[in-house]
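Working notes, structure below.
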Amino acid sequence: MTVPGRGVTLALDGVLTADETARTAARIAALQRPDGAIPWFRGHHLDPWDHVEAAMALDAAGHHTSARAAYEWLARHQLPDGSWYAAYDDGDADRPTDRSRETNFCAYVAVGVLHHHLATGDDGFRRAMWPVVTAAVDFVLALQHPDGPIGWKRENDGTPVTDALLTGCASIHQALRCALRLADLADDPRPDWELATGRLAHAVRCHPERFLDKSRYSMDWYYPVLGGVLRGDAARARLAERWDEFVVPGLGVRCVLPNPWVTGGESAELALALWAAGDSARSTEILAAIGHLRAEDGLYWTGYVYADDAVWPQERTSWTAGSVLLAVAALNGDPATTAVFGGDTLPDGLPPRCCVPADTSDA
């Protein structure tokens, strides 16, 4: 096994020093349970998506052993149908608090596994996790509609919730592209995944009417860019379209309209989307703007109600800090992070025969 070095120092002028990013990574690692689980914070719950995001941040900061433990937790506790429950009390696998299984939560393991493999060069890990990824992807794609979108979740009794969420599906698109790259590395072709990825990308790009209307949420605005569906001019045009609605200069990004509430996670994710769209300058500005959310211990407050000059809620989550570190890592050129969020080396899937003249992407 060849293990690359940490690659680049995580630091960004005007945003974080190397010592500050190291402190943040150490605080995320301190929230991890001995069994590898990373809850939002100790005493709160773990969800699989945010668990993976925190693990990726640990890898970006060089905490590879801790990150691997997080993925091994997922491998040990994957359900027979390839899924995970939506929430576990304090990350305790024996105490699920939400027994539904959300598709975007389950798909995201593919992004994390590829990221860890690229960060470490650990082929043994990749091979061991490949069955976990395949089972998770097959669970997710069982809920895909013929016209592309993927249903939100299965209830505990197995009933599918067929309503599709644009943000979740854009995230699944990123995960499917990572899964296809892992399939290439495993020499295990998955043509059905290629077709599914193409159908999903087309739906996100061209058919917003196929998704629930969540346009009040900033995630629905930027996630088609963050999830790799839109790039180049198309990505920049989408981000420009609602910039003034969601971005509060000097404070960050609103989570939901019309609430006067900026949140660290959405702000850092927008920074990643801006970076992916080729706008590193504004990406850095957004990260600098949320410096007011950084706590003394190196973690980040979830949000700030600027109309009341109040931090709310009173919590500092592993995933908010993780999203900041991942955005800084992308801006630093960290190879694993730029690969999974930039997508230049990820397969695109096969587009469907639908709206062909309109279904173009600007690389």
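Every residue, every condition in (1) out of contact with any helix residue (DSSP H, G or I) (no Cβ under 7 Å at 6 or more places or on another chain); (2) within 14 Å of TRP275 (Cα to Cα); (3) in contact (Cβ under 8 Å) with a residue 60 or more places away in the chain; (4) acidic (Asp, Glu), yes or no:
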{"residue": "ARG216", "(1), (2), (3), (4)": "yes, no, no, no"}
{"residue": "LEU226", "(1), (2), (3), (4)": "no, yes, yes, no"}
{"residue": "LEU230", "(1), (2), (3), (4)": "no, yes, yes, no"}
{"residue": "ARG242", "(1), (2), (3), (4)": "no, no, no, no"}
{"residue": "PHE246", "(1), (2), (3), (4)": "no, no, no, no"}
{"residue": "PRO258", "(1), (2), (3), (4)": "yes, no, no, no"}
{"residue": "TRP261", "(1), (2), (3), (4)": "yes, no, no, no"}
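Pairs meeting the criteria (first residue in the stretch 28-43 and within 22 Å of GLY264 (Cβ to Cβ), second residue of a type in the set (D, E, K, R) and not in a loop (DSSP other than H, G, I, E, B), beta carbons under 8 Å, at least 6 apart or on different chains) are ILE38/ASP50; TRP40/ASP50; PHE41/ARG316.
Only one residue in VAL253, VAL324 is assigned to a strand (DSSP E or B), surrounded by 15 or more Cβ atoms within 10 Å (Cβ to Cβ) and at negative phi. Which one? Explain how you work it out, then say what you get.
Values: VAL324 fails: assigned to a strand (DSSP E or B).
Selected residue: VAL253, the only one of VAL253, VAL324 that is assigned to a strand (DSSP E or B), surrounded by 15 or more Cβ atoms within 10 Å (Cβ to Cβ) and at negative phi.
So that you can scan it fast, the table gives a plain yes or no per residue for (1) closer than 21 Å to VAL140 by Cβ; (2) of a type in the set (S, T, N, Q):
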| site | (1), (2) |
| --- | --- |
| ARG190 | yes, no |
| HIS207 | yes, no |
| GLY250 | no, no |
| GLY264 | no, no |
| GLU269 | yes, no |
| THR284 | no, yes |
| GLY303 | no, no |
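The single condition from (1) small (Gly, Ala, Ser); (2) farther than 19 Å from ALA29 by Cα; (3) over 17 Å from the mean Cα position of the chain (by Cα) that ALA330 fails is (3). Evaluating ASP94 against the criteria (1) crowded, with 23+ Cβ neighbours inside 10 Å; (2) within 25 Å of ASP157 (Cβ to Cβ) leaves one unmet condition, (1).
Among the candidates LEU350, LEU346, LEU272, single out the residue that is within 30 Å of THR197 (Cα to Cα) and in contact with a Gly (Cβ under 6 Å, 6 or more places away or on another chain). Show your work before the answer.
Working: LEU346 fails: in contact with a Gly (Cβ under 6 Å, 6 or more places away or on another chain); LEU272 fails: in contact with a Gly (Cβ under 6 Å, 6 or more places away or on another chain).
After applying the criteria, what remains is LEU350.
Yes/no per residue for (1) within 21 Å of THR167 (Cα to Cα); (2) surrounded by 24 or more Cβ atoms within 10 Å (Cβ to Cβ); (3) hydroxyl-bearing (Ser, Thr, Tyr):
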| site | (1), (2), (3) |
| --- | --- |
| THR284 | no, no, yes |
| GLY291 | no, no, no |
| THR302 | yes, no, yes |
| ASP309 | no, no, no |
| VAL340 | yes, yes, no |
| LEU346 | yes, no, no |
| GLY349 | yes, no, no |
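A residue that is more than 18 Å from the chain's Cα centre (by Cα) and at positive phi can be found somewhere in the stretch 78-86. Which members of the stretch 263-286 meet the condition of being touching a residue at least 12 places away in the same chain (Cβ under 8 Å) and over 15 Å from the mean Cα position of the chain (by Cα)? Correct list: THR263, ALA277, GLY278, ASP279, SER280, SER283, THR284, ILE286. In the condition set (1) in contact with a strand residue (DSSP E or B) (Cβ under 9 Å, 6 or more places away or on another chain); (2) surrounded by 19 or more Cβ atoms within 10 Å (Cβ to Cβ), ALA142 is compliant with all but (2).
Quick note: the coordinates plus some simple rules give every number you see, no bench work behind them. Predicted, not measured: the structure shown is a model, and the values here were computed from it. Using ideal geometry, Cβ is built from the backbone for each residue, glycine included, and neighbour counts are taken over all protein chains shown.
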